[in-house]
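This report refers to the structure that appears directly beneath it.
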Amino acid sequence: MASDKPRTVAGQDRADPMPAGLSTVEAAARLTRDGPNLLPGATPKSAWAIVLGVLREPMFLMLLAAGGIYLLLGDKGEALFLLGFVFVVIGITLAQERKTQRALESLRDLSAPRALVIRDGREQRIAGRDVVVGDLLVLHEGDRIPADAQLVSGQVDVDESLL
């Protein structure tokens, strides 16, 4: 589930056509064992990686060079003033990158699919990341399927355009 490697599902883990579905206890145990139903996400940039990205920008390098030239010419006041603004730019860039990462995370959470499953004999709406191997999914027209599934009963046409 959360692993990058494909996993073969053993026969006893396959969806079973019992109308009661998994028990809540069994689903929790499988979630603990297999991990959440998530695709591997991009790792967030570290503060150091952001600073290195800023330091590689040509305009920023020109400001550093100008500050260095001011120091060589002996105008320490101008050099410190210019280099001070360089550090302000780094601080603003760090803050903006962190804010952007948080906003993207929030959008990802909002767009996460929900699933209607049968557990303990009744339908429950859960987050797509909490779907485990063996869950019985109840699908209606227009639903997004949050995980690989085995069709137990019914008819289905699947639009795979999101894949």
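The slack between Arg125 and Ile145, meaning 0.36 nm per residue of separation minus the straight C-alpha distance, is 5.9 nm. For helix 58-73, report the angle its Cα long axis makes with the longest principal axis of the Cα atoms of the chain; keep it between 0 and 90° and round to the nearest 10°. With both axes taken from Cα atoms, the answer is about 30 degrees.
Using the crude model of +1 on Lys and Arg Cβ and -1 on Asp and Glu Cβ, and no other charge, please compute the dipole size for the stretch 23-163 relative to its Cα centre, in debye to 20. The partial results should precede the final answer.
Numbers: 15 positive and 18 negative charges, 120 e Å.
Charge dipole of the stretch 23-163: 580 debye, to the nearest 20.
Take the alpha carbon gyration tensor of the stretch 47-109, find the square roots of its eigenvalues, order them as a ≥ b ≥ c, and report rounded if a/c is under 1.5; if not, report prolate when a/b exceeds b/c, else oblate. Verdict is prolate for the stretch 47-109. Look at the dipole of the chain built from charges on Cβ: of Thr24, Pro58, Leu71, the Cα furthest out on the positive end belongs to Leu71. What angle, in degrees between 0 and 90 and rounded to the nearest 10, separates the Cα long axis of helix 24-34 from the longest principal axis of the Cα atoms of the chain? Relative to the chain, helix 24-34 is tipped by roughly 50 degrees. In sequence order, the stretch 80-88 has phi-based couplings of 5, 4, 5, 5, x, 5, 4, 5, 5 Hz under the Karplus curve 6.51 cos²θ - 1.76 cosθ + 1.60, θ = phi - 60°, and Gly or Pro positions carry x. As a calculated quantity, the FRET efficiency between Gln96 and Ala20 at R0 = 30 Å, using C-beta atoms, amounts to about 0.05. For the stretch 113-156, the calculated P(r) over all alpha carbon pairs, in 10 Å bins from 0 to the bin holding the longest distance, is 28, 63, 9 percent.
For the chain, what is the calculated [θ] at 222 nm in deg cm²/dmol (nearest 500), taking -39500 (n - 2.57) for each run of four or more DSSP H residues and dividing by its residue count? Walk me through the numbers before you get to the answer.
Numbers: 4 runs with 71 residues, N = 163.
Dividing the helical sum by the residues of the chain leaves -14500 deg cm²/dmol.
Over every Cα atom in the chain, the radius of gyration and the widest Cα-Cα span, Dmax, amount to 26.1, 83 Å. Fully extending the segment from Asp75 to Ser111, taken as 0.36 nm per residue of separation minus the present Cα-Cα distance, adds 7.5 nm.
Coordinate-derived values only; no laboratory data. Owing to the predicted nature of the structure, the values given are computational and were not obtained by experimental measurement. Every residue, glycine as well, gets a Cβ built from its backbone with ideal geometry; the counts of neighbours run over all protein chains shown.
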